[in-house]
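Below is one structure; the comments refer to it alone.
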Amino acid sequence: QVQLVESGGGLVQAGGSLRLSCAASGTIFRLNAMGWYRQAPGNQRELVAGITSDGTTTYADSVKGRFTISRDNAKNTVSLQMNSLKPEDTAVYYCTAQMRFKDYWGQGTQVTVSS
């Protein structure tokens with residue numbers, strides 16, 4: 001089993017920055033894709049950014065140029081640097097990781113951007 005714990009959420013003004021971090025623990029053999037999703041009230045959960053084990057990244061169009069995803073394979077961590085935050089970025093952000101064809105999720109961390 002893999003446990004994912006997020007940190008770094010909070011309240012920030014529009015235009016500000018936050019950095020989310022996620023640490024994986026437990027019985028880890030090799031984590032494949034890792035990423036961040038978010039879910040705002042009344043909306044479906046959506047992919048924000050993903051990164052493969054070799055560092056290939058993908059981003060939602062709405063965050064391209066503002067968010068940067070990175071990972072440390074040795075430490076089994078993934079981070080999301082969020083700059084130029086907008087009120088529409090307000091959501092619960094979830095870390096996810098895939099191992100042996102199974103998806104694992106963190107408990108989520110709240111990000112609130114005030115206008």
- Message: Under the √(5λ) rule applied to the eigenvalues of the Cα gyration tensor, what semi-axes describe the equivalent ellipsoid of the chain? Give them in Å, descending.
- Response: 24, 14, 12
- For the chain: accessible area per residue (Å², 1.4 Å): 53 Å²
- Message: If I compute solvent accessible area with a 1.4 Å probe over the protein chains, what percent of it on the chain is carbon and sulfur?
- Response: 48 percent
- Relative contact order as a percentage, region 43-99, C-alpha pairs under 8 Å and 6+ apart, gives 22 percent
- In whole Å and largest first, what semi-axes does the C-alpha gyration tensor of region 39-80 yield when each eigenvalue is scaled by 5 and square-rooted? 22, 12, 8
- Item | Kirkwood hydrodynamic radius of region 1-46, from inverse mean 1/r over distinct Cα pairs, in Å | 13.2 Å
- Task: State, as an integer percentage, the relative contact order of the chain based on alpha-carbon contacts under 8 Å between residues 6 or more apart.
- Result: 36 percent
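The values are calculated or read from the model by the stated rules, or taken from the named source; none is laboratory data. Not measured: the values here are computed from a predicted model. To get the accessible areas, we keep the full protein, side chains included, count just its heavy atoms, and leave off ligands, DNA and RNA. Shrake-Rupley method; radii C 1.70, N 1.55, O 1.52, S 1.80 Å.
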